[in-house]
1. Is it fair to say residue 85 is of a type outside the set (Lys, Arg), touching a residue at least 40 places away in the same chain (Cβ under 8 Å) and assigned to a strand (DSSP E or B)?
2. Restricting attention to the range 172-200, and to residues there that are more than 19 Å from residue 119 (Cα to Cα) and of a type in the set (Gly, Ala, Ser), which single residue is surrounded by the most Cβ atoms within 10 Å (Cβ to Cβ)?
3. Scan the range 199-221 and tell me whether some residue there is of a type in the set (Gly, Ala, Ser), at positive phi and outside any loop (DSSP other than H, G, I, E, B).
4. Inspect the range 161-171 for any residue being in a loop (DSSP other than H, G, I, E, B), open to solvent by 50 Å² or more (accessible area, probe 1.4 Å), farther than 16 Å from residue 126 by Cα and out of contact with any helix residue (DSSP H, G or I) (no Cβ under 9 Å at 6 or more places or on another chain) and give the result as yes or no.
5. Could you tell me which numbered condition residue 510 fails, if it satisfies all but one of (1) within 30 Å of residue 398 (Cβ to Cβ); (2) open to solvent by less than 50 Å² (accessible area, probe 1.4 Å)?
6. Being among the aliphatic types (A, V, I, L, M) and outside any strand (DSSP E or B) is the filter here, so list the residues in the range 265-279 that pass it.
7. I'm trying to understand the selection: among the residues of the range 348-361, which are assigned to a loop (DSSP other than H, G, I, E, B) and in contact with a helix residue (DSSP H, G or I) (Cβ under 9 Å, 6 or more places away or on another chain)?
Amino acid sequence: MTEKKIEENEEKKSLSFVEQMVEADLAEGKNGGRIQTRFPPEPNGYIHIGHAKAICMDFGVAERYGGVCNLRFDDTNPSKEDTEYVDSILNDIQWLGFKWGNVYYASDYFQQLWDFAVWMIKKGMAYIDEQTSEQIAEQKGTPTTPGQASPYRDRPVEENLALFEKMNTAEAVEGSMVLRAKLDMANPNMHFRDPVMYRIIHTPHHRTGTKWHAYPMYDFAHGQSDYFEGVTHSICTLEFVPHRPLYDKFIDFLKEYDSEAKLGADYRPRQIEFNRLNLTYTVMSKRKLHTLVDEKLVSGWDDPRMPTVCGMRRRGYSAQSIRQFINSIGYTKFDALNDYALLEAAVRDDLNKRALRVSAVLNPVKLVITNYPEGQTEEMEAINNPENEADGKHTITFSRNLWIERDDFMEDAPKKFFRMTPGKEVRLKNAYIVTCTGCKKDDEGNIIEIYAEYDPLSKSGMEGANRKVKGTLHWVSCDHCHKAEVRLYDRLFTIENPAADERDFRELLNPESLTVLDNCYVEDFVTTCKPGDFLQFQRIGYFTPDLDSTPERLVFNKTVGLKDTWAKINK
């Protein structure tokens, strides 16, 4: 086998089953070799990482095969939708690094859908039902028992047409009637048992205002919108598998209608389903996410504990790390629960390459270098990122009085404690080797100052600095730093799979998911950083300035630790 053939086989193995199906369609010449996908979010909330998986597939297939991916907002339920959500979705998709061909709305097709529904009524394929939603649900039966026909199923066409027109008036009462397709009440697929096509909603629409009072259901609008736009591959998640026959059925009707209406389409969009992205210790239900926001159980849609794209961005996740994580878990036909630690590992791996290394002390105690001249300072050179030489260097000021981490000192330390303890040497990063000489305590026995002496010939880069010292500590100068608030985040829920728990999900929230430290110090260089910058607080973890941060009040979010210590702690 040739080397080229081997490479082709390996690439084939790496393709998802969705991509393999798309390639098979291309090989057969379907749709004239054209690829067109779409991402169709409902603008009723902010998108989360589960949507990001669909975005990566929808846009990724179009990119890989020279096609186009359009963005279509499924705005068929004005009672839940808002332009705020439209704007956020546009922003999040761009931040993830994707470009759409066109922006469409299901509302663009309201008139076409209405005309199609009228045609179905005239053909005897649809009727107005004036039963309650509860009565309709009861009459649908079960998957093993046939449903019962509505008493309105054989209503005359002219009466159906008149009532359908009435549905679209301000006088129509919400819930008083619906338009149903006349299909098969005995079909084992419950979606075929005379599905509802239109219902009455009087909430003004964010685009069409009060022009419409009757709105199409998702199952009626979705496939038709794909057809109108020329979508070749309708890629969605597994919960739409039972909807696929109805998707195809409505398109069959639409093609028949098309032959009369002369819309000009000559293809059938192909629906392909893949598994949803579910993460441990969080929820993906938009209803539950809405509850968290509306009841102020989190600070908003962009709370860094939320699984939303904007929340992850605010926390300091990079777009590349999210895409890397999605690529690593892949696409299958089986739903799974993905470990949040896998996402954090992808974030950690990506930020290691791009984060600037800086000094910050989160739990400070003062270290006094007693033999360092009072009033003297030195500028120490610090490498911005050892993974990328092009990021350059910056300076950090060294002085007599420093802040170090309280946990880096122990007065009576065990043998393998390689940090600061009386009588032992440690290196202060980018500076000198110092020897601890003791400490000072308050009346309650709390350590308030630590004392040490420095070796003037041990400065980093000097010949005397080459001797081996097991511990290296980070620090900031007391007179050359800024106070900061640091927000530490833990899992949002206390159990691994809150979505599967029968208890009220509010009871499962982790009361310790946010810890605020308000007595931290960061080096001067950090004050130039802004939200969206990636930082590594050396020896602590990855951080980013929060949107609340100002020059007068610095605020930082912890993105992820340097190592995955959470699993070990919570075993």
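The values are calculated or read from the model by the stated rules, or taken from the named source; none is laboratory data. The structure presented is a predicted model; accordingly, all values stated were derived computationally and were not measured. Here the Cβ is made from the backbone with ideal geometry for all residues, glycine too, and neighbour counts use every protein chain on show. The area values use the complete protein model at the heavy-atom level, side chains included, leaving out ligands, DNA and RNA. Shrake-Rupley method; radii C 1.70, N 1.55, O 1.52, S 1.80 Å.
1. Details: of a type outside the set (Lys, Arg): yes; touching a residue at least 40 places away in the same chain (Cβ under 8 Å): yes; assigned to a strand (DSSP E or B): no.
In short, no.
2. 172
3. Of all residues in the range 199-221, those of a type in the set (Gly, Ala, Ser) come to 209, 214, 221.
Applying the additional criterion that residues be at positive phi yields 209.
When the remaining residues are screened for being outside any loop (DSSP other than H, G, I, E, B), the result is 209.
Yes, the range 199-221 contains at least one residue that is of a type in the set (Gly, Ala, Ser), at positive phi and outside any loop (DSSP other than H, G, I, E, B).
4. At the first step, the residues of the range 161-171 found to be in a loop (DSSP other than H, G, I, E, B) are 168-171.
Right, trim to open to solvent by 50 Å² or more (accessible area, probe 1.4 Å) and you get 170-171.
Filter once more, keeping what is farther than 16 Å from residue 126 by Cα: 170-171.
When the remaining residues are screened for being out of contact with any helix residue (DSSP H, G or I) (no Cβ under 9 Å at 6 or more places or on another chain), the result is 170-171.
Checked the range 161-171: at least one residue is in a loop (DSSP other than H, G, I, E, B), open to solvent by 50 Å² or more (accessible area, probe 1.4 Å), farther than 16 Å from residue 126 by Cα and out of contact with any helix residue (DSSP H, G or I) (no Cβ under 9 Å at 6 or more places or on another chain).
5. Against the list (1) within 30 Å of residue 398 (Cβ to Cβ); (2) open to solvent by less than 50 Å² (accessible area, probe 1.4 Å), residue 510 comes up short only on (1).
6. Looking only at the range 265-279, we keep the residues that are among the aliphatic types (A, V, I, L, M), and these are 265, 272, 277, 279.
Within the range 265-279, 265 is the sole residue that qualifies.
7. So the first thing to find is which residues in the range 348-361 are assigned to a loop (DSSP other than H, G, I, E, B), and the list is 355, 359.
Within the range 348-361, just 359 meets the criteria.
Listed here are the residues, each with its yes/no results for (1) free of Cβ contacts under 8 Å to residues at least 12 places away in the same chain; (2) over 44 Å from the mean Cα position of the chain (by Cα).
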| site | (1), (2) |
| --- | --- |
| 392 | yes, no |
| 398 | no, no |
| 405 | no, no |
| 419 | no, no |
| 424 | no, yes |
| 428 | no, no |
| 434 | no, yes |
| 437 | no, yes |
| 455 | no, yes |
